[in-house]
Amino acid sequence: MTATLDLTQIDGLGVRDAGSVVSGSLLALESRLDRLFVGLAARWQAEEYRFPSFIPAESLHRLDYFHSFPHLATFPVALDPDPENLSRFSSSGALDGEGAVQLTLTAPIRHALTPAACYHFYLQFSGESLEAPRYVTTRATCHRREERYAPLERQWTFSMREVVCLGSASEVEAFLAEASALVRSLTERIGLRVRVERATDPFFRPAKNPKFLFQKVEPVKHEFVFDGHLAIASTNFHRDYFGEAFHIRRGSDATCSGCVAFGLERWLFAFLDTFGPAPADWPELPSWEEIDARG
Amino acid sequence: MRTESVIRLELRRFVLDNGEADDVTDQMPIFGSGILKSVHVMDLILLIEELSGRPLAIEELNPGSFKSIDAIYATFFAEREVPA
């Protein structure tokens, strides 16, 4: 249970203020979980991609990200390369008394640190016309600024595995229905206390954002909530939002898209909270064939 | 006083003016079918507020309440005093 789980006493887990350091058995568990999720993607012969840490700010702007989620955004900052400017910085001592970097002139910021793994796909397939539904998967280190942080549960920087479908509305809905049923069976098989709940994204000033209001009346996001408080996975139906923004076609229409997303550190938290810190007490992960056979 | 038929007429006009459809019935899914998009939600709320003469609270927005013109009428107008 959360109240009795002392993360400072877990072998292979280092606690940092906005993240965590994982090694040993815990890291091995994370790798097995990720392979399991890649195995889920393989059911649709999803092609795997690896993307850079940065995503062009212009792409996020096209998605209205900075209007909807300014409180979550994180930017990579570099110094203006002018030698005088670099000289000023290097001789300044760099940090103030509280450890904050005292920047001199900065270069223009044209990127953000990836906030969600699947965004890269819409940029990647921009302008394409799909002749069949496309299934893809990626794992990304994602960054979301939060008001508070808790190791494994809520981190500024965290690992997200996503399986994405781009296709017609019915193709995406079929994918999400199957993926959702499989993930639900997986959590039951492992023995995690998970409930599927309707959810909305954490919009800035939600009452003034039509996208939030739309999510209220047309639910498109469902979360797999561990122990009543921690979303360890979610399914998201984007309709044709990304297809329109990036001019991706499926037949005569803008493509629809949907994804199933897994927060890997949160799965570790769910394991530790459920089964305790001793690796010997952790259950074996089932195969998808076993999960299917169980129905 | 705005009658039910006037309210429904105004809602249909909004859908046809803003959405991608040549015709609309009161039973037709207006968001689920893609006729209207998320960008239209705010204007639709403003129209409902204007027609009902009262502000809408976010808590009143629930899954299905904007599903169709029938659903909008049932959720926000039926069994309410509709002012002139």
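Read-outs throughout are calculated quantities, based only on the coordinates presented, and are distinct from any laboratory measurement. Treat the numbers as computed from the prediction; the structure is a model and nothing was measured. For neighbour counting, all protein chains shown are included, and Cβ atoms are generated from backbone atoms with ideal geometry for every residue, glycine included.
A Gaussian network model of chain A, with springs between Cα atoms under 10 Å, assigns the largest mean-square fluctuation among A:F214, A:F262, A:F224 to A:F214. Computed over the stretch A:1-93, the alpha-carbon pair-distance distribution with 10 angstrom bins reads 11, 19, 28, 30, 11, 2, each value a whole percent.
Less than 5 angstrom separates the built amide H of A:V15 from those of A:V21, all sequence-distant by 5 or more or on a different chain. Fully extending the segment from A:R110 to A:R88, taken as 0.36 nm per residue of separation minus the present Cα-Cα distance, adds 5.6 nm. Relative to one another, the C-alpha centroids of the stretch A:98-119 and the stretch A:10-34 are positioned 26 Å apart. Comparing mean-square fluctuations of A:A78, A:A112, A:A28 from a GNM of chain A with C-alpha springs under 10 Å, the top value falls on A:A78. In the calculated pair-distance distribution of the protein assembly as shown, the portion above 26 angstrom amounts to 60 percent of the Cα-Cα pairs. Overall size of chain B from C-alpha positions, given as principal axis extents largest first: 31, 26, 18 Å. Once the other residues with Cβ under 11 Å from the Cβ of A:L130 are scored (Lys, Arg +1; Asp, Glu -1), what is the net sum? Charge balance in the 11 Å sphere: -1.
Highest GNM mean-square fluctuation among B:L61, B:L36, B:L11, for chain B modelled with Cα contacts below 10 Å: B:L61.
With the Kirkwood sum run over all distinct C-alpha pairs, the stretch A:134-269 has a hydrodynamic radius of 15.9 Å.
Relative contact order of chain B: 38 percent, from C-alpha pairs under 8 Å at least 6 residues apart in sequence.
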